[in-house]
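Here the structure comes first, spelled out in structure tokens, and everything after it is commentary.
The values are calculated or read from the model by the stated rules, or taken from the named source; none is laboratory data. For clarity, every value in this text was computed on a predicted model and none was experimentally measured. Just so you know, the surface numbers come from the protein's heavy atoms only, side chains and all, with ligands and any DNA or RNA stripped out. Shrake-Rupley method; radii C 1.70, N 1.55, O 1.52, S 1.80 Å.
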Amino acid sequence: TARGDVAVKTGVEGEGLSVATRLAYGVVRCAGRYAWGKWQEKMLRERFDEDEGDSWKYRAWRLSQTAENAHAVASFVNFCVFLRHGSYPTLLDRALGARLVYQRPSMARVVDFEYLNQQL
């Protein structure tokens with residue numbers, strides 16, 4: 001809808017997420033976390049960090065630590081950008097271009113604080 005020359009944004013503009021994007025989101029969100037957790041458990045159980053500096057286990061452990069630190073920094077930067085601009089709360093959302101939208105834009109979003117005010 002448009003009022004005059006200015007288009008009113010309802011929060012549901014655009015095509016929406018494709019099936020492939022939804023599938024990628026689910027796989028990365030669920031299977032990715034599960035696989036990363038299992039990898040961490042394996043490294044702890046087999047003590048990858050205690051091997052010599054030239055072994056593949058030690059290199060894998062160092063690479064995992066570097067990836068984890070890079071993810072933490074990127075997540076913090078993304079969170080700061082999210083606080084500033086209000087879109088893409090997670091890195092996965094940003095990578096897939098999945099933004100939060102209202103399911104029903106016509107629904108009233110007014111919160112009644114009358115009960116809270118009575119308690120105060």
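Which whole-Hz couplings ³J(HN,Hα) result when phi for each residue of region 48-64 is put into the Karplus expression 6.51 cos²θ - 1.76 cosθ + 1.60, θ = phi - 60°, listed in order with x for Gly and Pro?
Coupling constants for region 48-64: 4, 6, 9, 6, 5, x, 9, 7, 5, 5, 5, 5, 5, 5, 5, 4, 5 Hz.
So what J values fall out for region 82-96 if you push phi through Karplus, 6.51 cos²θ - 1.76 cosθ + 1.60 with θ = phi - 60°, rounded to Hz, Gly and Pro as x?
Once rounded to whole Hz, the list reads 4, 5, 6, 10, x, 10, 6, x, 10, 4, 5, 4, 5, 5, 8.
Over the heavy atoms of VAL19, what accessible area does a 1.4 Å probe trace out, to the nearest 10 Å²?
In the full protein context, VAL19 sits at about 120 Å².
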